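Structure, as structure tokens:
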Amino acid sequence: MKVLLIIPAYNEEQNIEKTVNDVIQNTDYDYVVVNDCSKDKTKEVCEKNNFNMLSLPINFGLTSGIQLGMKYAYKNNYDIAIQFDGDGQHQAKYVKNLVEEMEKTKSDIVIGSRFVTKKKPHSLRMLGSKLLTMAIFLTTGKKIKDPTSGMRAYNRKAIELFVRNASLTPEPDTLVYMLKKKMAIKEVQVEMKDREFGESYLKPLKSIEYMINMFFSIIFIRAITRKNI
Amino acid sequence: MTITLRVILIIGSLIAFFLCVKRIKQAKLKVSNSVMWMVGCLILILMSIFSNVVEWISVKLGFIAPVNFVFLTMIGFLLIQMFIYNIRISELNEKIKDLNHYIALKENEERNK
């Protein structure tokens, strides 16, 4: 099985080196850094360390970055593509569990979930997560315990969907789309760290916009996906 | 509709119509992009000339004043235009994104040679 880790990075000069070294040391898989036209020295750091990098000349957001990673995976015939954050929140030692679960259960998507065996803490962030879990359950009848997790493994079939359909985001609404396409989703317990440096894609004020977008997308767009289109 | 309003509408749409044609001649506007604007101008001119038809329709549809019907038509027209442009912007966005991806993939290929 050929496995590729897609590491999207935007203004991560302080985190990217550590993240990629973690991947190199703790896994045997290939990786590619997708530099989304960072304003800081992310590109220079990657070049200095000779990391395998796709560097975008225009900033286009996370969705485009993941799609580019998927295109790369598709072109180079990878069987599994794993989305892996470049901000140091994800630990490479858990990636193996995702791949093993996927091989064992023959599922199409495996999510590195924080809440399979552990309970969700009570906070505003987790309330958002709970609401999304509920929306996914109501539309598909399946319980995804950690829908916002950024660590996900996709098989060849899912990679193809990402390459063909540019509207697929690396977000919870895509899970609904995939479930409606009758694809199997599994969750594996992982642990995540808090980010050390830099800013997240999801700034506090943006999270309200994010939730509204997700709900509209899940209820009005993804929920009426049919299996064969 | 009052005579003044009809005259203003006719003059306004005529100016807009000829501006459109002039821009096309100067090759600043594509023909396909301007057709919709010319159609809009023509509708306005027709509505001002045949105002009795507009009055008849607005009475049948229950408008308080015929001019409201003219405004509604124009708002509808503008909404359609806006939607068309929205789609066009999305298409352009997609194209730029694909180009963006293409450059990144090419650059990666060159570096790994």
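The values are calculated or read from the model by the stated rules, or taken from the named source; none is laboratory data. Just so it is clear, the structure is predicted and the values come from calculations on it, not from any experiment. Backbone-built Cβ (ideal geometry, glycine too); neighbour counts: all protein chains shown. Just so you know, the surface numbers come from the protein's heavy atoms only, side chains and all, with ligands and any DNA or RNA stripped out. Shrake-Rupley method; radii C 1.70, N 1.55, O 1.52, S 1.80 Å.
List of remarks:
- Residues in region B:64-86 that are of a type in the set (A, V, I, L, M, F, W, C), open to solvent by 60 Å² or more (accessible area, probe 1.4 Å) and either closer than 21 Å to A:ILE58 by Cβ or more than 18 Å from the chain's Cα centre (by Cα) (or both): 1 in all.
- Enumeration of residues in region B:1-49 that are surrounded by fewer than 12 Cβ atoms within 10 Å (Cβ to Cβ) and over 17 Å from the mean Cα position of the chain (by Cα): B:THR2, B:ILE3, B:THR4, B:VAL7, B:LYS25, B:GLN26, B:ALA27
- Some residue of region A:129-139 being open to solvent by less than 20 Å² (accessible area, probe 1.4 Å) and either within 14 Å of chain B (Cβ to nearest Cβ) or part of a loop (DSSP other than H, G, I, E, B) (or both): no
- When the residues of region A:55-66 are filtered to those that are more than 7 Å from chain B (Cβ to nearest Cβ) and open to solvent by 10 Å² or more (accessible area, probe 1.4 Å), the one that is nearest to A:ARG156 (Cα to Cα) is A:THR63.
- Every residue from region A:73-97 that is touching a helix residue (DSSP H, G or I) at 6+ places or on another chain (Cβ under 8 Å), open to solvent by 40 Å² or more (accessible area, probe 1.4 Å) and within 14 Å of chain B (Cβ to nearest Cβ): A:TYR74, A:LYS75
- Among the conditions (1) within 14 Å of chain B (Cβ to nearest Cβ); (2) open to solvent by 20 Å² or more (accessible area, probe 1.4 Å), A:MET70 misses just one, which is (2).
- The set of residues in region A:81-123 being within 20 Å of A:MET183 (Cα to Cα) and more than 15 Å from the chain's Cα centre (by Cα) consists of A:ASN97, A:GLU100, A:GLU101, A:MET102, A:GLU103, A:LYS104, A:THR105, A:LYS106, A:SER107, A:VAL116.
- Test result for A:ASP36, under 22 Å from B:GLU110 (Cα atoms) and surrounded by 14 or more Cβ atoms within 10 Å (Cβ to Cβ): yes
- The condition of being free of Cβ contacts under 8 Å to residues at least 24 places away in the same chain, part of a helix (DSSP H, G or I), more than 14 Å from chain A (Cβ to nearest Cβ) and over 25 Å from A:SER167 (Cβ atoms) holds for only one of B:PHE17, B:PHE63, B:PHE77, B:PHE69, that being B:PHE69.
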